[in-house]
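J.: Below you will find the structure I want to go over with you.
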Amino acid sequence: MSELRDLYQEVILDHNKHPRNYGALEDADRHAEGHNPLCGDEITVHVKLEGDKIADIRFEGSGCAISKASASVMTETLKGKTVEEAGALFERFHELVTGKADEDLETLGKLAVFGGVSEFPVRVKCATLSWHTTRAALNESGTKISTE
Ligand code: ZN
């Protein structure tokens, strides 16, 4: 189990150091800003939709390693998914980081690396900030959300 934990830790550190899909997104049609005052994490999510499919998604911002790594893995996971699939993944991710997931973690793919967050309740908001922000972007353009 500790080996698995080390691997998870490594993935999080890697995504924090080299965030994927980081930066502005030309011709994005949805944007939202998220703020986690508890930790100081700030994120802006840009989404380009094609019909109800997430054709592209990028993020910008600053924050702790968990918030950045979570946003990075999230963008990798959500690209190509439908809005509905994204919503379902958000629910499952939220269950995972709050320790309520009882299903096979393997089906969560790389998102499973954030399972350890459930042991640190104060970090849950860091891990879910990018997801809340993306949900706001998908629901409505130009929104601002706060975890508080
Ligand atoms: Zn944070």
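Quick note: the coordinates plus some simple rules give every number you see, no bench work behind them. The model shown is predicted, which means the values in this text are computed figures rather than measured ones. Cβ: placed from backbone, ideal geometry, glycine included. Neighbour counts: every protein chain shown.
J.: Considering only DSSP beta bridges whose two residues both sit in the stretch 2-146, what percent are antiparallel, to the nearest 5? If you can, show how the numbers build up before the last one.
T.: Numbers: 17 of 22 bridges.
Here the share of antiparallel DSSP bridges comes out near 75 percent.
J.: Quick one: if you stick a label point 7 Å off each Cα along the C-beta vector at E119 and A88, how many nm between them?
T.: 3.1 nm
J.: Enumerate by residue number the GluC sites (Glu not before Pro) in the stretch 40-131 meeting two conditions: DSSP loop (anything except H, G, I, E, B), and at most 14 other Cβ atoms within 10 Å of the site's Cβ.
T.: Numbers: sites: E42, E50, E60, E76, E84, E85, E91, E95, E103, E106, E119; in loops: E103.
When the GluC sites (Glu not before Pro) of the stretch 40-131 are filtered for loop state and at most 14 Cβ neighbours within 10 Å, E103 remain.
J.: In addition: At most 11 other Cβ atoms within 10 Å and a DSSP loop assignment: could you name the trypsin sites (Lys or Arg not before Pro) in the stretch 63-148 that fit?
T.: Numbers: sites: K68, K79, K81, R92, K100, K110, R123, K125, R135, K144; in loops: K79, K81, K100.
Counting only loop positions with at most 11 other Cβ atoms within 10 Å, the trypsin sites (Lys or Arg not before Pro) in the stretch 63-148 are K100.
J.: Determine, from the Cβ-Cβ distance of T143 and L4 and an R0 of 41 Å, the FRET efficiency 1/(1 + (r/R0)^6), rounded to the nearest 0.05.
T.: 0.65
J.: Note down the net charge around Y8, summing +1 for each Lys or Arg and -1 for each Asp or Glu among other residues with Cβ under 14 Å from its Cβ.
T.: Computed value for this residue: -3.
J.: Net charge near L89, counting Lys/Arg +1 and Asp/Glu -1 over other residues with Cβ under 11 Å of its Cβ?
T.: Charge balance near L89 sits at -1.
J.: A further question follows. Can you tell me the relative contact order of the chain? Whole percent, Cα pairs under 8 Å, sequence separation 6 or more.
T.: It comes to 31 percent, rounded to a whole number.
J.: Around R123, with a cut-off of 13 angstrom between Cβ atoms, what is the net charge of the other residues, counting Lys and Arg +1 and Asp and Glu -1?
T.: Numbers: positive: K68, K125; negative: D41, E119.
Local charge sum for R123: 0.
J.: How much length, in nm to one decimal, is gained on full extension between T107 and D29, taken as 0.36 nm per residue of separation minus their Cα-Cα distance?
T.: Taking 0.36 nm per residue and subtracting the Cα distance, the gain is 25.1 nm.
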